[in-house]
Amino acid sequence: MNIVTYSLSANGPPQKTDYHEQLIYSVKSLRVYNQNIPIHVFLYGEHLSSFIVELDDQGVIVHQMGAYVDAIRRIRPRAFRTLANYPVLHKWLNLSELERLDPSQILQTDCDTFFFDDVGRLFERYSERQFYAREEPASKASHYSYDPSYVDEDALFRLARREAKGFFLTSSAS
C-alpha cells in the first residue's frame, strides 16, 4: 500500500494560517487526479475543527499527535528544548506511527506541494530505492546558492557538537 503524508505543527490557540490553506489546496490538487490513495495528516498542537472537517471531507485520515514539544520530550527528554526549536522535526516523528500501517511506499509531502498529475506516477517512477530525498533549498547541498541566513549549517554544527559534549558529560556521570 502506498500512502501520502503531511505534517503540520501549530503553536498557541487554534487559528487559521496560510499553512492550513496550503495543505487543503495541496490535498485538493492531489484528489483531482487520485481519489483513492490514502492520505494521512499528522497534526501537532491545536487546530481549528473546521480545518479538520475539511480534511475529512477530502477522505484524509487525521492523526492528532498532541503538542510538538511533548512529542519531542518523549523521545529526547534531555534535549527537547533545543530540538523543539527545529520547526520541521515533526515530519520525522511520524515515521514510527506509519510503521504500523506497513506501507510499501510513503510520500512525505509539504503543505505547499501542488499536484498536476496522478501521485501514483511518482510511486511507480521512484520504486528502485528505499529512500529518495531532496536537499533543502538554500542549504550547502543545494544547487541554489547557499544562504546562511536561511539555514546556518555552521551554527547548527557547532550547536550539535556543544549539545553532544554536554550529553556525553551528563550521560557518563550516570
| For segment 77-94, how many residues are within 14 Å of the chain's Cα centre (by Cα) and β-branched (Val, Ile, Thr)? | 1
| field | Any helices (runs of 4 or more DSSP H) falling wholly within segment 1-76 and containing at least 2 residues that are under 19 Å from the mean Cα position of the chain (by Cα) and modelled with pLDDT of 90 or more | value | 18-33, 49-57
| remark: Filter segment 82-110 for residues that are assigned to a helix (DSSP H, G or I) and touching a helix residue (DSSP H, G or I) at 6+ places or on another chain (Cβ under 7 Å); the one that is farthest from residue 120 (Cα to Cα) is 82
| Among the numbered criteria (1) surrounded by fewer than 17 Cβ atoms within 10 Å (Cβ to Cβ); (2) in contact (Cβ under 8 Å) with a residue 40 or more places away in the chain; (3) within 26 Å of residue 28 (Cα to Cα), which single criterion is violated by residue 113? | (1)
| Among the residues of segment 134-161, which ones are at pLDDT 85 or above and of a type in the set (Gly, Ala, Ser)? | 139, 141, 142, 145, 149, 155
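Restrict the check to segment 30-38 and report whether at least one residue is surrounded by fewer than 13 Cβ atoms within 10 Å (Cβ to Cβ) and among the β-branched types (Val, Ile, Thr). So that I can check it myself, show each step before the final result.
Step one: list which residues in segment 30-38 are surrounded by fewer than 13 Cβ atoms within 10 Å (Cβ to Cβ), which gives 32, 35-36.
Applying the additional criterion that residues be among the β-branched types (Val, Ile, Thr) yields 32.
Yes; the residues of segment 30-38 include at least one that is surrounded by fewer than 13 Cβ atoms within 10 Å (Cβ to Cβ) and among the β-branched types (Val, Ile, Thr).
The values are calculated or read from the model by the stated rules, or taken from the named source; none is laboratory data. Quantities reported herein were computed from a predicted structural model and do not represent experimental measurements. Cβ coordinates were reconstructed from backbone atoms using ideal geometry, including for glycine residues, and neighbour counts include every protein chain displayed.
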